[in-house]
Amino acid sequence: MYSLEVLSQDKQRISVKLKNVPLLYANALRRICLNGVPVFAIDTVDIIENSSVLADEGIAHRLGMIPLTTDLSRFVEPSKCECHSETGCSNCRVMLMIDSGGDNDTTRTVMSSEITSEDDTVKPVSDKIPIVQIAPGQRIKIEAYARLGRGTEHARWNASNIATLIPTEKEDEHVLTVETTGALSPEHILVDGVNELSKRLEEFKMLLAELK
Ligand SMILES: [Zn+2]
């Protein structure tokens, strides 16, 4: 029989022992935990003002790589949203803002703590992520839009920093370890990963049935 036993678990990481799970499925689950579970990330950026030395694209890239807390019960992926709109709606998109102000008298680093979100559930997982340095008189003012996506599309939507599958000394036994980016809890990634895997297998079965 298949079995799944939690070996250790904390806020960052979960390790589970998979017994008698075919390696193919265990590997598929590992990959889905890494980049197949949807999380929020910034993907559209409107630069209103940027007098820092970092180019607009550089700032947009940094904002895109900031992990954002994700509540999957409240939001849907744009491709599955009823709004069918290019610009999105409150069910599939969240606006975030950052304004450094222009009155600093020393050079300082603008941090992720200065990002405000129109939705409390979607915000940087850490306040301590540096975005850009600004000198006196320089300013950045940005409107950014975050949406759910998957790491298969771009690494900014990876749910995990690391997902490893390591064989134990016993036959047909592997340890799967998942380390979250902070967007979701590690156990949430695992549960969603299992659901996603079974959904894909189900879709595959239906496809096969149609062929017959
Ligand atoms: Zn929508």
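Each reported figure results from applying straightforward, stated rules to the coordinates on display, with no laboratory input. Just so it is clear, the model here is predicted, and its values are computed rather than measured. Here the Cβ is made from the backbone with ideal geometry for all residues, glycine too, and neighbour counts use every protein chain on show.
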**Asked** Within the chain, how many lysine pairs that are 8 or more places apart, or on different chains, have C-alpha atoms less than 30 Å apart?
**Response** 21
**Computed magnitude of the charge dipole of the chain (debye, nearest 20; Cβ of K, R +1, Cβ of D, E -1)** = 560
**Request:** Kindly rank 178-185, 33-40 from highest to lowest mean number of other beta carbons found within 10 Å of each residue.
**Result:** 33-40, 178-185
**Prompt:** Can you pull the three principal axis extents for the Cα set of the stretch 39-156, in Å, largest first?
**Reply:** 47, 25, 25
**Prompt:** Which of L165, L24, L63 moves the most in a Gaussian network model of the chain with Cα springs under 10 Å?
**Reply:** L24
**Asked** Which of K141, K123, K170 moves most in a GNM of the chain, Cα contacts under 10 Å?
**Response** K170
**Message:** Treating only the Cβ of Lys, Arg, Asp and Glu as charged (+1, +1, -1, -1), what charge dipole size does the stretch 39-156 show about its Cα centre? Round to the nearest 20 debye.
**Reply:** 360
**Request:** Name the most mobile residue of A144, A55, A155, meaning the one with the largest mean-square fluctuation, in a Gaussian network model of the chain with Cα contacts below 10 Å.
**Result:** A55
**Prompt:** What is the Rg over Rh value, at two decimals, for the chain, using alpha-carbon atoms and the Kirkwood definition of Rh?
**Reply:** 1.07
**Asked** Which Cys in the chain stand alone, with every other cysteine's Cβ at 4.7 Å or more from theirs?
**Response** C33
**Item:** Average Cα contact separation per residue, the chain, under 8 Å, 6 or more apart, as relative contact order %
**Value:** 32
